[in-house]
Structures are given as C-alpha cells and as structure tokens.
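Notes follow once the structure below has been shown.
The values are calculated or read from the model by the stated rules, or taken from the named source; none is laboratory data. Not measured: the values here are computed from a predicted model. Positions of Cβ are backbone-derived with ideal geometry, glycine not excepted, and every protein chain shown enters the neighbour counts. Note: accessible area is taken over every heavy atom of the protein model, side chains too, but ligands, DNA and RNA are not part of it. Shrake-Rupley method; radii C 1.70, N 1.55, O 1.52, S 1.80 Å.
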Amino acid sequence: MSIRDTPFVQDAATGKRVTRWWIAYPLVFVVLVFIVQFGTMGVFALIFPTQEGSPEAQWLEMVANLIPAALMILWVVLYERRHIKTMGFRRPGRGLLLLLLGLPIGAAIISIPILFLWATGSYQLTAAPANATTGWVAVGLVLALALTHVVQGGNEEILIRSFLLQNSGLQMPGWLAILLPALLFTLMHGVLSRPIGFTTIMMYAIFAAFIVLWQNSLWLIIGIHGGWNWAEGNIWGVQVDGINVRTAGLIYLEPTPGAADWLTGGSFGPEGGVPGAILLTILAGLAFLLYRRSQARTQATAAAAVTAPQI
C-alpha cells in the first residue's frame, strides 16, 4: 500500500524543501512535545497553581497545546516554505463545518462504550469531586470548555496526522508511514503497561490516519478528537487516559466496585476497557474502507479521463 500519491501527502512536496524523517521525529516528540509542551505545563504549574482537572487547569493546558502547534506551523511555513493550507487546512469554510460536525461524532463514539458499561452495571453514578461545577448549572461552562479539547486534539493532529503522516508518506512505505506515527502517538499516552489501552489508542491513531487520508484534510478528525475528549471528561465525568477527573461535568461516572478493570478500563478510563478497544478496531477498519473506496473512485476518474475520446 502506498499513500505517496494522495493529495494530502503530495501537499507536503509543494514547498522548497521536505524535512528529513530522521529530523522530523525528534523535532516532534523530543522538542515540541517533551521540551516545549510538557515544559510549558511544568512552568504553568509553578506560576499558576490550580486544582488538577479544574476549568482553570484546562484553559492553561489549552495554552500549553497552542504553543507546539504554532511552532510546528512556523517550521512548515518558514523552513519548508509551504503554505499552512497544505498541512490539511484547505477549504477553511467547508472545513470549519466539518470540524463542528466532528464534535458530536467524537462525542458519540466515546459515549458508546461508556453507555454500554453504565447500562450493564459496570459503571455507576458517583459524587462530583470537591469544588466541582455539575448538573444544569455547568452547561454553559461545559460548552465553553469544548474549545480547550478542540485545541488539545488539534495540536496532536497537527503534529502527528499532519506533519509526521505527510512527511512519512513521502519518504516511507505506506504501511510504515501510518504505523510508525501511530505507535509513537500511542506510547506518548503512557499505555505500554496496559495492553487493552494500548490497543484502543493504537486503533484510534490508525482510524485517524485513514480519516485524514480519506478527507485529505485535518478538519473532521480535529473535531472528532476534540469531541471525544470533551464528552469523556466534561460530559460523562470519567477519566481521560488516566488524567484526573474534570471538576466541570454534567454528571460523574466511575467503575462499579468489583467490576473488572479489563472491562471498565479501571483508573485509565474507558479507553482501557475491552468495549472501547473493540469499537476502535471496527472504526479503524471502516476508515480504511472509506479511504480505499475514495482512492478507487479517484483512480477510476483518472483512467476515464485518459481514455476519453479527444474532440
């Protein structure tokens, strides 16, 4: 399988230079993620001490995610000398609609395993954390906090599914260009010791890659990513990848005492449970089929244009 000829990957070749893969990966994971992003969050924790999971902490986290995303864009524009639209941001008018559409899609995806666990008695309602804003009075705040998740998810999509997927697609076999960024994205979420969580996050990364290649843009996947985390943390009030529960949520759920961690995900959240892993595996397969179908249609159109009689 080759993804080199897709419009999304070819956009990476429209500048004056292409970052070599052995520079691109350390640039993203060492410099932008671990030094810039994590370093900024550490500085914020010292200067602006806030309760973990609070709305204030979420806004600060949003700023910490904006910085590496902005630096990544500057690298592409100033070093590679290509337009920001080539990073997956073509047709911004339509794109913003796709992003907004992605929010409820992402929320619905993560709600499926959560509602299944709740309906089968593996999740239960629980008391809100101390100083939490919850219930109907939290609706306005919860809606506003969706922006923090769009920025956080957008940062990861820009770094991984835009820059690294495009870069790898030009320089590596297609299968490696998809699996290598997906693997590093998964490890970045600290799931090496959680086989089920590893599977879920890895399947999400593959799902996201094929959605981007199908759409030839980032707009939809940014919305899906943001909606997923927003619903998980601020609507259902469960842990997101092991992060502390948010203190602004419509309701709060937790694993029922005695429920198996392999089913509920335990302290990691629903991504660490079997229902989430099964769902994402199915979605990754569906995204692949959508991508292959779009490629077949594109190839058929190109072949028809070549064989059309000249008048």
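Each row is one residue, and each column tells you yes or no for (1) of a type in the set (S, T, N, Q); (2) over 17 Å from residue 231 (Cβ atoms); (3) more than 14 Å from the chain's Cα centre (by Cα).
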residue	(1), (2), (3)
130	no, yes, yes
140	no, no, yes
149	no, no, no
168	yes, yes, yes
172	no, yes, yes
177	no, yes, yes
Selected residue [over 30 Å from residue 128 (Cβ atoms) and over 17 Å from the mean Cα position of the chain (by Cα)] from 45, 57, 12, 69
12
Unique residue being closer than 30 Å to residue 297 by Cβ and either modelled with pLDDT under 95 or of a type in the set (Phe, Trp, Tyr) (or both) when the list is 48, 89, 34, 38
89
If you check residue 248 against the conditions, is it under 22 Å from residue 99 (Cα atoms), buried (at least 21 other Cβ atoms within 10 Å of the Cβ) and in contact with a Ser or Thr (Cβ under 7 Å, 6 or more places away or on another chain)?
no
Selection from the range 252-267 of residues surrounded by 11 or more Cβ atoms within 10 Å (Cβ to Cβ), on the phi < 0 side of the Ramachandran plot and modelled with pLDDT of 95 or more yields 252, 253, 254, 255, 256, 259, 260, 261, 262, 263, 264
Return the pair list, or none, for Cβ contacts closer than 6 Å from residues in the range 131-160 that are farther than 15 Å from residue 232 by Cβ to residues that are β-branched (Val, Ile, Thr) and in a helix (DSSP H, G or I), at least 6 apart or on different chains.
154/222; 157/221; 157/222; 159/28
Write out, first by first residue and then by second, each pair whose Cβ atoms fall under 6 Å of each other, whose residues are 6+ apart or on separate chains, and whose first residue, in the range 73-94, is free of Cβ contacts under 8 Å to residues at least 40 places away in the same chain while the second is open to solvent by less than 80 Å² (accessible area, probe 1.4 Å) and assigned to a helix (DSSP H, G or I).
84/73
What residue, among those in the range 277-308 that are at pLDDT 95 or above and more than 18 Å from residue 221 (Cα to Cα), is most open to solvent (accessible area, probe 1.4 Å)?
293
Top-ranked residue in the range 176-194 [being open to solvent by 40 Å² or more (accessible area, probe 1.4 Å), of a type outside the set (Ser, Thr, Tyr) and not in a helix (DSSP H, G or I); ranked as nearest to residue 35 (Cα to Cα)]:
190
Is it the case, given these coordinates, that residue 204 is in contact with a Gly (Cβ under 6 Å, 6 or more places away or on another chain) and either open to solvent by less than 30 Å² (accessible area, probe 1.4 Å) or at pLDDT 95 or above (or both)?
no
Would you say residue 20 is of a type outside the set (A, V, I, L, M), touching a residue at least 12 places away in the same chain (Cβ under 8 Å) and at positive phi?
no
Report yes if residue 229 is open to solvent by 10 Å² or more (accessible area, probe 1.4 Å), modelled with pLDDT of 95 or more and on the phi > 0 side of the Ramachandran plot, otherwise no.
no
Would you mind stating whether residue 197 is touching a residue at least 12 places away in the same chain (Cβ under 8 Å) and not in a loop (DSSP other than H, G, I, E, B)?
yes
Where in the range 216-311 are there helices (runs of 4 or more DSSP H), lying wholly inside it, with at least 1 residues that are in contact with a strand residue (DSSP E or B) (Cβ under 8 Å, 6 or more places away or on another chain)?
219-230, 261-264
In this structure, is residue 162 under 12 Å from the mean Cα position of the chain (by Cα) and open to solvent by less than 30 Å² (accessible area, probe 1.4 Å)?
yes
Leading residue by the ranking (nearest to residue 270 (Cα to Cα)) among those in the range 185-195 that are modelled with pLDDT of 95 or more and within 18 Å of the chain's Cα centre (by Cα):
186
